[in-house]
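Note sheet for the following structure.
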Amino acid sequence: MSHSVAGEPPSAGRRAAPLTTAAYSAAEWDLLTSLPGRVLVAAAASGPGRPERGVLAGLAGLDAVAAGRGFDSDLVRAVVAAIFARHDGAPAPAARLTDVVDLLAACRAAVRVLQRRADPADSAAYRQWVQSVAGRVCRVVPGPGGLAASPADRRFLDRLGGALGLG
């Protein structure tokens, strides 16, 4: 993490420039940049015990992804920048449909990459941010109030948190 105290320049040995993909292989970077979108899609999916969410859930998820721009983590900000910088017209890697088993395996793979390559604070921030994307989407429930996640959503969030090493 490269934050400074009271706006001072980063201390010696800390990177002053934002994190780049140089620290990760292309496959690792693809995994880290596609995971938030995959989580958004899986969290928004309806299923047994999970309500149909619609456009509001997608917007809540996109807002949660964009909120990563404000994180005090070079890694999270670099991932968000990479996600929103896609402009080649190709579908983003996050557009791949995924089932929960594949998603959880991808989360565990991302945790292993982060353990090997990331600063522990950046790793924790990334994992919490990805979990927050799912949390925001799962709180979008049609109807009055719409803030409580269903029991199936809570199970999904618990499994996701476990796969991300948060629970």
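The values are calculated or read from the model by the stated rules, or taken from the named source; none is laboratory data. Keep in mind the model is a prediction, meaning the values are calculated, not measured. Here the Cβ is made from the backbone with ideal geometry for all residues, glycine too, and neighbour counts use every protein chain on show. Keep in mind that these areas ignore ligands, DNA and RNA; they rest on the heavy atoms of the full protein, side chains included. Shrake-Rupley method; radii C 1.70, N 1.55, O 1.52, S 1.80 Å.
Remarks
- Modelled label positions at L59 and A109, each set 7 Å beyond Cα in the direction of Cβ, lie 3.4 nm from each other.
- Solvent-accessible area of F71, all protein chains in place: 60 Å² (probe radius 1.4 Å, heavy atoms, ligands and nucleic acids excluded).
- With all protein chains modelled, accessible area of W29 [1.4 Å, Å²]: 30 Å²
- Label-to-label distance, nm, for residues given as R155 and E52 (7 Å Cα→Cβ offset): 2.2 nm
- Solvent-accessible surface (1.4 angstrom probe) belonging to S123, in square angstrom, nearest 10: 10 Å²
- Linear extension gain, Q128 paired with R116, 0.36 nm per residue minus alpha-carbon span: 2.5 nm
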